[in-house]
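Below: the structure, in structure tokens.
Bear in mind that the values in this text are calculations on the coordinates, not laboratory data. Since the model is a prediction, treat every value here as computed from it, not as a measurement. Positions of Cβ are generated from backbone atoms using ideal geometry, with glycine treated the same way; all protein chains shown enter the neighbour counts.
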Amino acid sequence: MGEGSVLAEPGWAGAMRARIVATGSALPPKVLRNADLARMVSTSDEWIRERTGIQERRIVADGIASSDLGTEAAQAALARAGWDPTSLDMIVVATCTPDMPLPSTACLIQRNLKATRAFAFDLAAACSGFLYGLAVADLYVRSGSCRRVLLVGTEVMSAIMDWTDRSTCILFGDGAGAVLLEPSTDGNGILSTHLHSDGNLWDLVCVEGGGSRMPASAKMLEGRQHLMKMKGNETFKVAVKMLEATAREALAANHLDVKDVDLFIPHQANVRILNAVAERLGLEPDRLVVNMDRYGNTSAASIPLALDEAVQAGRVKPGSRILMAAFGSGLTWASALVKW
Ligand code: UT7
């Protein structure tokens, strides 16, 4: 594993950090069950459950885009915090399925919220995007540049699925999660973030067409190059290694042991990956947050969706230590340790 960059080191008493004030999420109502997929490609409910842990996922209705889900998730978080959207200083949106190449999905969400004071931008780190965004938000807050930040992870993965490829179309789902951040000086908040990338592994998970290397064309569409391709098995092996390494890195940086972690929220990619990482770390299933049985892999939305669900279910308490870890296309991987 590369050195990466340590963006926030723990241990400075009284230091300013960012704390998560409220969470929100949005899920489209339409459910796509394994049995539905078995009518579309050569697969079965049994294979999908056993190999991935997924039972169903949510899919948007025609015409719904990432900014729609992201706006709904942000509104839920704003309502819980009691914040007026005009008080936001910055909006960061992590997505690999933006509404359109230009402008950013963040600007569309800013418009929808009428968050007139905020500057807004998208961040591209695929399934690691939420933790990359958390690191950026934390730095802006800690530097004193921003006091109120909205971070959204939102995806319409169904838009880039090849519905004839059984090795990918069974895995992904649509959804959005949002968090609000503000400064904190009481020692709680984001204790550390660690980010990593290895572009040599770019072709493990990719969408090759539609950008500047292979602009949209009839030939590109015919070759289905506007849709996601994945080397699943290779990705699986790398993912287990990277998740374990970056989780351990977060613990070491905070001089903590696995037993000090109240909740582990990994990117929801495959339940076998999550169980393998939990086992390697020595973490019992009751401290592992899993919701991919119902939502599949929602890329940048997966961690904030799982966090919001854990918060609403009362699994997160004041002082809880939450370890988050993600990996995704790029290859990117990251971890964050948060004290609630
Ligand atoms: O967040 C994005 C990062 N991506 C991931 O996290 C994906 C990580 N990888 C995975 O989750 C798993 O590799 C998959 C679920 C994608 C595949 O599971 P696997 O156990 O690694 O299967 P495999 O690719 O080794 O394929 C085993 C067999 C193959 O058949 P043959 O060649 O042995 O006859 C596949 O064609 O399973 C077949 N297969 C399926 N069979 C039924 C692949 N997909 C399916 C399917 N239904 N949906």
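Could you sort the peptides 55-61, 276-282, 296-302, 309-315 by per-residue average Cβ neighbour count (10 Å cutoff), highest mean leading?
Result, highest mean Cβ count within 10 Å first: 296-302, 55-61, 276-282, 309-315.
Using the Karplus curve 6.51 cos²θ - 1.76 cosθ + 1.60 with θ = phi - 60°, work out ³J(HN,Hα) for each residue of the range 145-153 in order, rounded to whole Hz, and write x for Gly and Pro.
For the range 145-153, the Karplus curve yields 6, 9, 9, 10, 10, 10, 10, 10, x Hz.
Amide H to amide H, which residues 5 or more places from residue 329 or on other chains are under 5 Å from it, using H placed in the peptide plane?
Here 127, 128 satisfy the definition.
Taking 0.36 nm per residue of sequence separation and subtracting the Cα-Cα distance, how much length would be gained by fully extending the chain between residue 252 and residue 185, in nm to one decimal?
Contour length minus the Cα-Cα distance gives 21.9 nm.
Among rounded, prolate and oblate, which fits the range 201-249 when a ≥ b ≥ c are the square roots of the eigenvalues of its C-alpha gyration tensor, a/c under 1.5 means rounded, and a/b larger than b/c means prolate?
prolate
May I ask you to work out the translational diffusion coefficient for the chain at 10 °C, viscosity 1.306 mPa s, via Stokes-Einstein with Rh from the Kirkwood sum over Cα pairs, reported in whole µm²/s?
In µm²/s, the coefficient is 80.
Residue by residue, what Karplus-based ³J(HN,Hα) values in Hz, rounded to whole numbers, does the range 176-190 have, using 6.51, -1.76 and 1.60 with θ = phi - 60° and x for Gly and Pro?
8, x, 9, 10, 10, 10, 8, x, 9, 10, 8, x, 8, x, 7
As a check on your grasp of the helix formula, calculate [θ] at 222 nm for the chain: sum -39500 (n - 2.57) over DSSP H runs of n ≥ 4, divide by the residue count, round to the nearest 500.
Rounded to the nearest 500, it is -9500 deg cm²/dmol.
Based on Cβ point charges of +1 for Lys and Arg and -1 for Asp and Glu, what charge dipole magnitude is obtained for the chain about its Cα centre, in debye rounded to the nearest 20?
Here the chain has a charge dipole of around 220 debye.
If you filter the range 81-167 for chymotrypsin sites (Phe, Trp or Tyr not before Pro), then keep DSSP loop positions with at most 15 other Cβ within 10 Å, what is left?
Answer in residue order: 163.
At a threshold of 8 angstrom on Cα-Cα distance, excluding pairs fewer than six apart, so keeping six or more, what relative contact order does the chain reach in percent?
The normalised contact order for the chain reaches 26 percent.
Starting at the first residue of the range 257-274, write each ³J(HN,Hα) from the Karplus equation 6.51 cos²θ - 1.76 cosθ + 1.60 with θ = phi - 60°, in whole Hz, x for Gly and Pro.
Karplus-based 3J(HN,Hα) across the range 257-274 equals 10, 4, 5, 7, 8, 7, 9, 10, 10, x, 4, 7, 9, 6, 4, 5, 5, 4 Hz.
Along Cα→Cβ, 7 Å out, is where each label goes; now give me the distance between the ones at residue 229 and residue 213 in nm to one decimal.
My value for the distance between the label points is 1.0 nm.
Net charge near residue 18, counting Lys/Arg +1 and Asp/Glu -1 over other residues with Cβ under 9 Å of its Cβ?
+1
State the antiparallel share, in %, of DSSP beta bridges confined to the chain, rounding to the nearest 5.
70
So who's got an amide H within less than 5 Å of the one on residue 297, skipping anything under 5 residues away but keeping other chains? H placed 1.01 Å off N, in plane.
The list, which skips near neighbours in sequence, is 172, 173.
Quick one: 19, 117, fewest Cβ neighbours within 10 Å first, how do they rank?
By the 10 Å Cβ count, ascending: 117, 19.
Go through 149, 125, 135 and say which Cα lies farthest out towards the positive end of the charge dipole of the range 76-173; charges sit on Cβ, +1 for Lys and Arg, -1 for Asp and Glu.
Ranked along the dipole, the leading option is 149.
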